[in-house]
Each structure stands twice: as structure tokens, then as C-alpha cells.
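The values are calculated or read from the model by the stated rules, or taken from the named source; none is laboratory data. Keep in mind that this is a model prediction, so the values were computed, not measured. All Cβ positions, even for glycine, are placed from backbone atoms using ideal geometry, and neighbour counts span all protein chains on display. Side chains included, ligands, DNA and RNA excluded: accessible areas come from the protein's heavy atoms. Shrake-Rupley method; radii C 1.70, N 1.55, O 1.52, S 1.80 Å.
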Amino acid sequence: MSDTVVRPVDDAVWGDLETVFSTPGDPSGCWCQWFKVPRSQNDRLSVDERRELLHDQVREGSPGVIAWIDGEPAGWAAVEPYSAYPTLARSPITKRREGDPADPWAVTCFVVRSEFRRQGVARVLLDGAVEHARAQGAEVVEGYPVDPEVRPSLSAAERYHGTVALFRDGGFEVVRRPSTTRAIMRRTV
């Protein structure tokens, strides 16, 4: 990969984050609110309202990391404490179970602009997300990837959680399989 930079987002790079989210498909409508806002509320929000919610979250702190390749905004990974994502606690896939850490940092979403896909951007984003979580005091980072080795037909849109191979290569271990195509993976940092 060419010159690649990854860093936590803040208001100074909001315009670049908007460029990343303008990529065609689900990101341009979701603005990383799926796990942040209850579904009933999310369904009523307009795209502009979701964009403004993410902008507010960026102003309040850094809810993720952004990557640039040769100065061009290329991708985003969402990473915050589990408690920042209320919808995770309601999902049968991601709800806490006995023995789970109470509030690990969670990597919930990857967005890579189409022209930068298949260049390792998700890997550098995951590394940046782990480093960001560690810098904020995280002891454990968790992900909820899909497994295209089990179901190769998973679409690009279904891979926004990341893949099992991506997280495994990033030093994460599977702690359970809530379904055949999903894993809960964890890394101590």
C-alpha cells in the first residue's frame, strides 16, 4: 500500500469522513448509527439527521478512526466502548453473557471507499482502532465479524462488521460462535 495514515477522527477531519461515507451503498444512508440508535428511532431518521448525529458524536469525542492513502480519505472503522452502542446489548448475537467483560471496546463497523477496496485498508483500520482503544484505556477490544469461509456468498454490504480472517490476522481470538456465519472475537490490549 502507498503512504497510509490512520488516526482517530475529530472535527478537523469531518470533511474527509463525509467523503468516506459518501461511498455508494449502505454507508451513505447509515452514517454508523445502526448500533447507536434504537431501531424504531433509526427508521424514522433521515439521512441528514443520521449524518448530523455522527457529526455530534465526533464533536463529543472520537467514535472511530479514519484512514488516508496518499492523502485521500479511504476508510473508517467505528470503535467505542460497548456501552456506547445500546443496540448491541439487545442483539442475541452481541448481548453480554456470563463471563464476558462488562464494557470492552467494540469495533462495530468498517467503511472502505470502493476505489480503495482489496488494498488492505480494513487491516490498517483495525490496527488503528485497537491502538485508539488502547490509548483511551481499553483493556479488551471486541469484534463481531462475519465468516465468508462458512458462507462465501456474503455480499460486500454484509461484511461491514469485518471478517473472521481480518480479526484473526489482527490478533483476535474467537470466544464464541453465536451463529454459523458470525463470531465474537476478542483481544486483550
Sum -39500 (n - 2.57) across every DSSP H segment of at least 4 residues in the chain, then divide by the residue count to get the 222 nm mean residue ellipticity, nearest 500. -8500 deg cm²/dmol
Give me a comma-separated list of calculated 3J(HN,Hα) values for region 60-74, in order, Karplus coefficients 6.51, -1.76, 1.60 applied at θ = phi - 60°, integers in Hz, x for any Gly or Pro. 7, x, 10, x, x, 10, 10, 10, 10, 10, 6, x, 9, x, 10
Go ahead and set up a Gaussian network model of the chain, Cα springs under 10 Å, then flag whichever of Leu54, Leu125, Leu45 fluctuates most. Leu45
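Quick one: in region 66-174, what % of C-alpha pairs are over 22 Å apart? Could the numbers behind the result be given before it?
Values: 1848 of 5886 pairs.
I get 31 percent for the Cα pairs in region 66-174 exceeding 22 Å.
Remind me, relative contact order of region 16-142 in percent, using alpha carbon pairs under 8 angstrom and six or more residues apart?
Working: 171 pairs, mean separation 35.0, N = 127.
That works out to 28 percent.
Tell me, what is a quarter of the convex hull surface for the C-alpha atoms of region 38-93, in nm² with one decimal? Show your work: numbers first, answer last.
Details: hull surface 20.7 nm².
Hull-based average projected area comes out at 5.2 nm².
Could you compute the net charge surrounding Ala156? Neighbours are other residues with a C-beta less than 11 Å from the C-beta of Ala156; K and R count +1, D and E count -1.
Working: positive: Arg117, Arg118, Arg159; negative: Asp26, Glu158.
Charge balance in the 11 Å sphere: +1.
For region 119-189, what is the charge dipole size about the Cα centre, in debye to the nearest 20, if Lys and Arg each add +1 at the Cβ and Asp and Glu each add -1 at the Cβ?
180
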How long is region 1-140 along each principal axis, judged by its Cα atoms, biggest number first, in Å? 44, 35, 28
Under the rule a/c < 1.5 gives rounded, and otherwise a/b versus b/c splits prolate from oblate, where does region 1-72 land using the Cα gyration tensor? prolate
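With the Cα gyration tensor of region 112-183 giving a ≥ b ≥ c as the square roots of its eigenvalues, does the rule (a/c under 1.5 for rounded; else a/b larger than b/c for prolate; else oblate) give rounded, prolate or oblate? Mind showing how you got there, number by number?
Numbers: a/c = 2.41, a/b = 1.19, b/c = 2.02.
Oblate, since a/c reaches 1.5 and b/c is not below a/b.
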In sequence order, calculated HN-Hα J values of region 100-109 (Karplus, 6.51, -1.76, 1.60; Hz; x Gly/Pro): 6, x, 5, 9, x, 7, 10, 9, 9, 7
Under-5 Å amide H pairs with Val140, H placed in peptide plane, nonlocal only: Trp105, Val189
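Counting only heavy atoms of the protein chains, get the accessible area per residue of the chain (1.4 Å probe) and round it to a whole Å² value. Write out the running numbers ahead of the final one.
Values: 9020 Å² over 189 residues.
Accessible area per residue: 48 Å².
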